[in-house]
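Here's the structure, in structure tokens; my notes come after.
The values are calculated or read from the model by the stated rules, or taken from the named source; none is laboratory data. Because the structure is a prediction, the values reported are computed rather than measured. As a convention, Cβ positions derive from the backbone with ideal geometry for all residues, glycine included, and neighbour counts pool all protein chains shown. Side chains are part of the model used for accessible areas, which takes the heavy atoms of the whole protein and leaves out ligands, DNA and RNA. Shrake-Rupley method; radii C 1.70, N 1.55, O 1.52, S 1.80 Å.
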Amino acid sequence: MTDIITKYFPHLTERQIRQFHALDHLYRDWNEKINVISRKDIDNLYEHHVLHSLAIAKLIGFKDDTNVLDFGTGGGFPGIPLAILFPNANFKLIDGTGKKIRVATEVANAIGLENVRAQHLRGEEEKEKFDFVVSRAVMPLPDLMKIVRKNIASNCRNALPNGVLALKGGNLSQELAPFGKVAMTELLSQWFEEEWFATKQLIYVPA
């Protein structure tokens, strides 16, 4: 099940492999109680959700003590896969739906993630500062930027300046128009050969 992860991230530790492997049972079990992943899509958990989340790691490797906010995490994406991959970075997962945060919390606890904290919170209510805000198709980029600019710290500790990393799909020309040449667009197909990634993109906007 995790072969598609080790295919693109071959240097995982045994602990990381065990953590990724455990996600299948955990999400299947929780999905029966609280629908956080489409029932039709649960069989594609590793390709459509875990690997998709890890695309962010192909653009940037979060250094130790990097603080990352997962905005609108749902059941824990992209935050939980990234937290497994970067055990020395710190991740806060927020979502406006309490039952989804419960799933993210229970999954993180079950696999022993000590660098994750999840909170039932709307983005407008978040007051902390972070190096990066990550999200997966939560809302149009201009709307997202309006909410999270206040949460991005000024000090920079990574190769990329602090900012927003958003996983998106489809035609984004209208969403990107307000950002001119500032936004960076990366096609996920340059990193992942599976057909599902052909229309998927990662958008980076510095704060």
Taking region 155-182 only, how many residues are closer than 22 Å to L82 by Cα and more than 16 Å from the chain's Cα centre (by Cα)? 7
Note on M1: of the conditions (1) open to solvent by 30 Å² or more (accessible area, probe 1.4 Å); (2) under 24 Å from N151 (Cα atoms), unmet is (2)
Within region 46-56, does at least one residue satisfy the condition of being among the hydroxyl-bearing types (S, T, Y), open to solvent by less than 10 Å² (accessible area, probe 1.4 Å), within 16 Å of H21 (Cα to Cα) and not in a loop (DSSP other than H, G, I, E, B)? yes
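Among what's in region 107-147 and is under 12 Å from V68 (Cβ atoms) and among the hydrophobic types (A, V, I, L, M, F, W, C), pick the residue that is most open to solvent (accessible area, probe 1.4 Å).
Step one: of region 107-147, the residues under 12 Å from V68 (Cβ atoms) are 115-117, 128-135.
From what's left, among the hydrophobic types (A, V, I, L, M, F, W, C): 116, 130, 132-134.
Numbers: V116: 29, F130: 6, F132: 0, V133: 0, V134: 0 Å².
Looking at residues that are under 12 Å from V68 (Cβ atoms) and among the hydrophobic types (A, V, I, L, M, F, W, C), I get V116.
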Exception for S38 within (1) of a type in the set (G, A, S); (2) more than 13 Å from V107 (Cβ to Cβ); (3) in a helix (DSSP H, G or I) falls at (3)
Based on this model, can you work out whether K7 counts as more than 22 Å from G112 (Cα to Cα), out of contact with any helix residue (DSSP H, G or I) (no Cβ under 7 Å at 6 or more places or on another chain), not in a helix (DSSP H, G or I) and not aromatic (F, W, Y)? no
Which of the residues spanning region 31-75 are aromatic (F, W, Y) and closer than 23 Å to L160 by Cα? F62, F71
Determine whether region 66-85 contains at least one residue that is out of contact with any Phe, Trp or Tyr (no Cβ under 7 Å at 6 or more places or on another chain), open to solvent by 50 Å² or more (accessible area, probe 1.4 Å) and more than 25 Å from A198 (Cβ to Cβ). no
Kindly check whether there is at least one residue in region 17-27 that is closer than 23 Å to M184 by Cβ and either in contact with a Leu (Cβ under 7 Å, 6 or more places away or on another chain) or in a strand (DSSP E or B) (or both). no
Filter region 190-207 down to the residues that are outside any loop (DSSP other than H, G, I, E, B) and out of contact with any Asp or Glu (no Cβ under 9 Å at 6 or more places or on another chain), then identify the one that is most open to solvent (accessible area, probe 1.4 Å). E195
Those residues that are assigned to a loop (DSSP other than H, G, I, E, B) and of a type outside the set (K, R), I need them from region 147-170; list them, please. A153, S154, N155, C156, N158, A159, L160, P161, N162, G170
Inside region 193-207, can you point out the residues that are of a type in the set (F, W, Y) and closer than 16 Å to K146 by Cα? Y204
